[in-house]
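The block underneath contains the structure these notes are about, expressed in structure tokens.
Coordinate-derived values only; no laboratory data. Note that the structure is predicted; figures quoted are calculated from it, not measured. Cβ placement follows ideal geometry from the backbone for every residue including glycine, while neighbour counts extend to all protein chains displayed.
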Amino acid sequence: MTAVTPSHSLGFGGKPLVVGRVSSGHGGRNKVVVASSLGNPGEEARRVVVTGLGVVSCFGNDVAHFHQALCEGRSGISMIERFDTEGFPTRFAGEIKDFSSGGLMNVRMERRADNCIRYLMTAGRSALIDAGLDKEHNPDAHEKIDKAKAGVLIGSAMGGIKTLSQSIEILNEVGHRKMNPFCIPFAISNMGGALLAIETGFEGPNYPINTACASANYCYLNAADHIKRGEADIMLAGGTEAAIESSGIGGFIACKALSSRNDDPQGASRPWDINRDGFVMGEGAGILVLEEYEHAVARGARIYAELIGGAVTCDAHHMTEPRPDGSGVSRCISMAVEKASIDRDAISLVNAHATSTPAGDMAEYRAITNALPGKHLKIHGTKSMTGHLLGAAAGIEGVASVMAVHTGEIHPTINVDDPEPAVDMSLIPTTMVKQEVHAALSNSFGFGGHNSSVIFGKVGLGRH
């Protein structure tokens with residue numbers, strides 16, 4: 001037997017795991033048999049699969065439509081209509097127009113809640129419907145869920161920033177007596193996950209994670225850890241963000257982070273292009289239903305992919321810029337591959353963080369190509385079409401990565417008209433590629449140097 005100490009993020013509580021033999025389970029499925037300090041010798045390693053997808057994006061609330069729009073190379077960037085942008089050097093974003101939950105939220109709550117919560121509740125319910133576990137659409141299946149072993153982990157960088165900003169304006173203009181009584185509940189970042197738990201009755205692990213733009217990936221990894229440790233059978237995990245409002249846009253303008261290509265908003269997000277000038281703000285939510293493998297099989301669930309590994313690191317370098325050599329990111333990718341127990345060349349696709357910033361894109365590109373020398377590797381940037389969803393970026397990019405594994409369709413990166421000389425464009429498709437994706441690695445990085453990589457693969461990859 002071989003002793004393996006997993007990473008903290010997918011680490012069985014950080015305790016050594018003794019890996020034994022691979023035995024044939026019922027139905028011919030292979031199982032990894034382990035002896036662990038967590039349980040009795042011969043206990044089976046718990047695996048994590050994706051059984052439901054939910055999204056709210058500038059392309060709408062339907063996962064199939066979202067995937068199709070990406071594969072067609074459509075841009076969801078437009079001029080901002082939500083507030084008056086006169087005088088702003090950036091006047092465009094991946095803004096969601098005329099949002100509706102489609103009846104998935106209580107009418108009163110939908111009217112009152114911050115968009116951050118509205119997007120989350122809609123994507124969360126959609127993911128449960130897709131998994132066949134929603135209380136209204138699949139009441140029998142929902143009733144059978146052990147609610148004490150079902151949880152919710154949601155990330156958000158900015159939380160209910162619009163609610164908070166409006167409340168501060170009212171406080172300054174007319175005083176506290178006119179403030180929204182929901183200003184605190186709808187502003188704090190834990191409330192979305194709490195409301196989703198109230199809606200579903202899920203009583204298991206529930207907390208927010210804020211690692212800025214890496215938040216949703218951290219949620220995926222921690223949710224998987226709860227399942228692996230036996231603390232949960234089902235987890236709703238992902239991210240939500242709604243920062244396209246005056247203080248959100250204004251704040252990032254002050255950071256000098258945003259593109260100012262107002263004459264060509266749909267061409268503004270251009271990862272790896274020599275003329276990139278900053279990122280484009282996006283908004284929305286992306287949620288996965290993560291489920292223990294045997295639990296999913298027992299109920300006959302459709303399985304999109306398996307979450308087979310992941311890792312996190314910190315650059316410990318700068319508040320807003322990555323290490324120029326990409327060493328922190330390269331180490332994160334290498335750790336994720338190691339934890340997935342696969343060869344590096346098994347990674348068919350990298351969904352890059354690729355924000356279209358002068359400093360970030362090439363540092364990540366160097367990190368990817370140093371860590372993953374695979375002959376059939378493809379790299380793409382979802383943000384070229386959706387903009388940067390901050391804490392929800394890894395949420396929708398997790399959905400995009402799972403769909404790539406599930407369908408074998410790799411969406412393009414748009415607007416790479418004049419690539420950096422060091423970029424090998426054979427790795428970066430500019431039209432949709434049809435190719436089997438054995439494993440897709442999704443990168444997300446946050447201000448402060450928070451790096452994360454999550455690997456989704458074909459079921460059983462790395463287990464045999």
Under the Karplus relation with 6.51, -1.76 and 1.60 and θ = phi - 60°, whole-Hz ³J(HN,Hα) for region 225-233, x at Gly and Pro, equal 5, 4, 5, 4, 7, x, 7, 8, 9
If R0 = 22 Å, then Val174 and Arg111, at their Cβ-Cβ distance, give a FRET efficiency to the nearest 0.05 of 0.50
Per-residue Cβ contact counts at 10 Å, fewest first, order Val48, Val289, Val56 as Val48, Val289, Val56
For Lys256, the aspartates and glutamates lying under 13 Å Cα to Cα, once residues fewer than eight places off in the same chain are dropped, come out as Asp277, Glu321
Ranked output for segments 180-191, 407-418, 348-359, 378-389 by mean other Cβ atoms within 10 Å, highest leading, reads 378-389, 348-359, 407-418, 180-191
The farthest towards the positive end of the charge dipole of the chain, of the residues Phe182, Thr430, Ser57, given +1 on Cβ of Lys and Arg and -1 on Cβ of Asp and Glu, is Phe182
Of the listed pairs Lys149/Lys228; Lys339/Lys378; Lys135/Lys458; Lys97/Lys178; Lys228/Lys378, those with alpha carbons more than 19 Å apart are Lys339/Lys378; Lys135/Lys458; Lys97/Lys178; Lys228/Lys378
Residues other than Phe445 with Cβ under 14 Å of its Cβ, Lys/Arg counted +1 and Asp/Glu -1, net out at -1
Spelling it out for Asn206: with amide H atoms placed in the peptide plane at 1.01 Å from N, the residues 5 or more places away or on another chain with amide H under 5 Å from its amide H are Val152
Charge tally for neighbours of Val423 with beta carbon under 14 Å away, counting Lys, Arg as +1 and Asp, Glu as -1, is -3
Most exposed first, judged by fewest Cβ atoms within 10 angstrom, Tyr218, Tyr119, Tyr207, Tyr365 run Tyr207, Tyr365, Tyr218, Tyr119
Where a ≥ b ≥ c are root eigenvalues of the Cα gyration tensor, a/c under 1.5 meaning rounded, otherwise prolate if a/b exceeds b/c and oblate otherwise, region 173-330 counts as oblate
Rg/Rh over Cα atoms for region 242-333, Kirkwood Rh, comes to 1.10
Rounded to two decimals, the Debye log10 I(q)/I(0) of the chain (Cα scatterers, no solvent) at q = 0.06 Å⁻¹ is -0.24
If every Lys and Arg gets +1 and every Asp and Glu gets -1 at its Cβ, then about the Cα centre the chain yields a dipole, in debye to the nearest 20, of 980
For 437-445, 60-68, 82-90, ranked highest to lowest by mean beta-carbon neighbours within 10 Å, the order is 437-445, 60-68, 82-90
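Taking other Cβ within 10 Å of each residue's Cβ, how do Asp140, Asp273 sort, fewest first? Walk me through the numbers before you get to the answer.
Details: Asp140 7, Asp273 21.
Going from sparsest to densest Cβ surroundings: Asp140, Asp273.
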In the chain the DSSP beta bridges are antiparallel at a rate, in percent to nearest 5, of 75
Any aspartates and glutamates whose Cα falls less than 18 Å from that of Lys162, other than same-chain ones fewer than 8 residues away, would be Glu81, Asp84, Glu95, Asp98, Glu110, Asp114, Glu173, Glu241, Glu245, Glu283
Cβ-Cβ cut-off under 11 Å around Val350, Lys and Arg +1, Asp and Glu -1: the net charge is -1
Given Cβ charges of +1 for Lys and Arg and -1 for Asp and Glu, the option among Thr355, Gly87, His137 whose Cα lies farthest towards the positive end of the dipole of the chain is His137
Taking the chain and counting helices only, DSSP H stretches of n ≥ 4 at -39,500 (n - 2.57) each over all residues, the nearest-500 ellipticity at 222 nm comes to -9000 deg cm²/dmol
